[in-house]
Amino acid sequence: QKGSTSLVEQQKVSIEMTGRLVDNKDSGSVLRDSNINLIPFINPGIGEPKPAVIVCPGGGYSVLSEREGRPVALRFQSYGMQAFVLEYRGGDGISYPAVRNELAQAVEHVRENAAYYHVNPDAVLLCGLSAGGHLAASLAVHWDSSWCRQLGFPQNCKHDGLILCYPVTGEDRGG
């Protein structure tokens, strides 16, 4: 869509996670004050609300792959979806499973702001690539588990569809 103004990348949204429980593999669940970033790629609000897809780029939970974020979101957006890239935090002592809570918070944010983003709140999909695929699959499986209920949003973080691209689903044991 060369020269088109219909595809819009909005400013990054910072979502506050103040007082949320966060998984920490060393010390169990802990409280943490922090923000996560979500980059929206929004089509104009014309017609019916659109399905949303939250893209989780890969990067081994240490970095975020640039080629698995914005380009993927733009492709979904070109198909008429409202797309979001989750900049989940890796490195700096933050890793899986703590980032699973960041994705749950992003799903909740998109649903709660569906009118603003022109999103159908009953059509929020997760798309994960590589480690991001592991992250998306983890939330897809555990959205109603005890950790999610402790966070206070057992229903809002449920996904309506799942797209996994070469997800990490196991461990190579070297044999």
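The values are calculated or read from the model by the stated rules, or taken from the named source; none is laboratory data. A quick note: this is a predicted structure, and the numbers were derived from the prediction, not measured. FYI the Cβ positions are ideal-geometry reconstructions off the backbone, even for glycines, and counts take in every protein chain you see.
Annotations for the structure displayed:
Condition check ((1) on the phi > 0 side of the Ramachandran plot; (2) at pLDDT 95 or above; (3) in contact with a Leu (Cβ under 9 Å, 6 or more places away or on another chain); (4) of a type outside the set (A, V, I, L, M, F, W, C)) across all residues:
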position	(1), (2), (3), (4)
Val99	no, no, yes, no
Val107	no, no, yes, no
Val141	no, no, no, no
Pro154	no, no, no, yes
Glu171	no, no, no, yes
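Matching residues to (1) closer than 16 Å to Cys157 by Cα; (2) among the charged types (D, E, K, R); (3) modelled with pLDDT under 90:
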| site | (1), (2), (3) |
| --- | --- |
| Ala52 | yes, no, no |
| Gly60 | no, no, yes |
| Glu68 | no, yes, no |
| Ala115 | no, no, no |
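- Qualifying residue in region 106-122 (condition: touching a residue at least 24 places away in the same chain (Cβ under 8 Å), within 22 Å of Tyr166 (Cβ to Cβ) and not aliphatic (A, V, I, L, M)): no
- Taken together, the residues in region 110-124 that are surrounded by fewer than 20 Cβ atoms within 10 Å (Cβ to Cβ) and either within 10 Å of Ala52 (Cβ to Cβ) or not hydrophobic (A, V, I, L, M, F, W, C) (or both) amount to 9.
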